[in-house]
Amino acid sequence: MGKENKFVISLGGSVAVPEDINTSFLKRFSNFIKEEVKNGKKFIIVIGGGKISRKYQKALGEISKASDEEKDWIGIKTTELNSLLLKAIFLELANPIIFNSRFKIKSFGRYPIIIGCGWKPGWSTDFVAVQIASDFKIDRIINLGKSDYVYTDDFENNSKAQPIEKISWSEYLKIIPNKWTPGLGAPIDPIAARLAKKNKIQAIVAPGENLKNFQKILLGEPFAGTLIS
């Protein structure tokens, strides 16, 4: 899976920074990635903004009639702060440059880990991950977030929502909102989904906390989660 053991990870802020910084998870996650690097794997990790991003966006909305672009910039800067934290955790294994705009980094070079964040308003970190995968000729992204599967409906508000193991991009786009809004909680947002469909990039949606399951994905073994293609 992944060309030449190269992987693009969209790491959900909901896992890394759910309320406060999830230091327990980040420690386990970073140790796991370091071990996989020893096995010859390379990773581009794009991290989301998490709950703190939504808190800032909510506060802004309550105080002023700010545009979605302004709210997006708050989200982008939150992802940038999270990416700086993640880069520092990996020390010399990670490229010292944050991947914060398209083509800023064009190859792994001597670094097995690249850390990315949000790029511009209207684009989520999922979109960034899909665009990077396309540019680096990697055929899928792995979305590690709060949701363990794609569901037929919002599973937090509908107890009858059913998990989906495999789905096409066309069918997926029918069950999520059609428009991007700052802080949208869909596993893969509609802008990213349309780009993935166009560029034939697959996505795996899987639970971020379950690193044993993540390892199965890396090894190409059966896993818990949803494959979108």
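Structure remark: mean-square fluctuation, Gaussian network model of the chain, C-alpha springs under 10 Å; the largest value among Gly122, Gly61, Gly50 belongs to Gly61.
Can you give me the orientation-averaged projected area of the convex hull built on the Cα atoms of segment 125-182, in nm²? Don't skip to the answer; put the middle values down first.
Details: hull surface 19.7 nm².
Across all orientations, segment 125-182 yields a mean hull projection of 4.9 nm².
Accessible area per residue was computed with a 1.4 Å probe on protein heavy atoms; Glu156 scores about 110 Å². In summary, the aspartates and glutamates within cross-link reach of Lys212, defined as a Cα separation below 17 angstrom excluding same-chain residues under 8 places away, comprise Glu35, Glu36, Asp148, Glu221. Taking all protein chains together, Arg102, Arg110 sort by accessible area into Arg110, Arg102, largest first [probe 1.4 Å]. Counting only heavy atoms of the protein chains and using a 1.4 Å probe, Lys38 has close to 150 Å² of accessible surface.
For segment 86-176, rounded, prolate or oblate, judged on the Cα gyration tensor with a ≥ b ≥ c (square roots of eigenvalues), a/c < 1.5 rounded, else prolate if a/b > b/c? Write out the running numbers ahead of the final one.
Numbers: a/c = 2.48, a/b = 2.07, b/c = 1.20.
It is prolate, given that a/c is not under 1.5 and a/b is the larger ratio.
Å³ per residue of the Cα convex hull, for segment 1-121? All intermediate terms of the calculation are to be shown ahead of the outcome.
Details: hull volume 12.3 nm³, N = 121.
Dividing the Cα hull volume of segment 1-121 by its residues yields 101 Å³.
Choose one answer from Ser53, Ser30, Ser14: the residue with the largest mean-square fluctuation in a GNM of the chain with alpha-carbon springs under 10 Å. Fluctuation is largest for Ser30.
Ordering Ala94, Gly49, Gly109 by the projection of their Cα atoms onto the charge dipole of segment 29-128, which places +1 on the Cβ of Lys and Arg and -1 on the Cβ of Asp and Glu, puts Gly109 at the extreme positive end.
Based on alpha carbons, the Rg and Dmax found for the chain are 16.5, 50 Å. Using a Gaussian network model of the chain in which every pair of alpha carbons under 10 angstrom is joined by a spring, one finds that among Leu195, Leu86, Leu11 the greatest mean-square fluctuation is at Leu195.
Summing Cβ point charges (Lys, Arg +1; Asp, Glu -1) relative to the Cα centre of the chain gives a dipole of roughly 660 debye. Among Trp123, Trp73, Trp180, the sequence by solvent-accessible area, most first, with a 1.4 Å probe is Trp73, Trp123, Trp180.
Mind putting a number on the dipole of segment 1-58 about its Cα centre? Charges go on the C-beta only, +1 for Lys and Arg and -1 for Asp and Glu, and I need it in Debye to the nearest 20. Intermediate results must be reported in sequence, preceding the final value.
Numbers: 12 positive and 5 negative charges, 19 e Å.
In debye, rounded to 20, segment 1-58 gives about 100.
Heavy atoms of the protein chains alone define the surface here; on that basis the chain has 50 Å² accessible area per residue at 1.4 Å probe size.
Take Ser147: with every protein chain present and a 1.4 Å probe, its accessible area is about 20 Å².
The values are calculated or read from the model by the stated rules, or taken from the named source; none is laboratory data. Note that the coordinates shown come from a computational prediction; the quantities given were computed from them, not determined experimentally. Reconstructed Cβ throughout: ideal geometry from the backbone, glycine too, with neighbour counts over all protein chains shown. Surface areas here come from the heavy atoms of the whole protein model, side chains and all, with no ligands, DNA or RNA. Shrake-Rupley method; radii C 1.70, N 1.55, O 1.52, S 1.80 Å.
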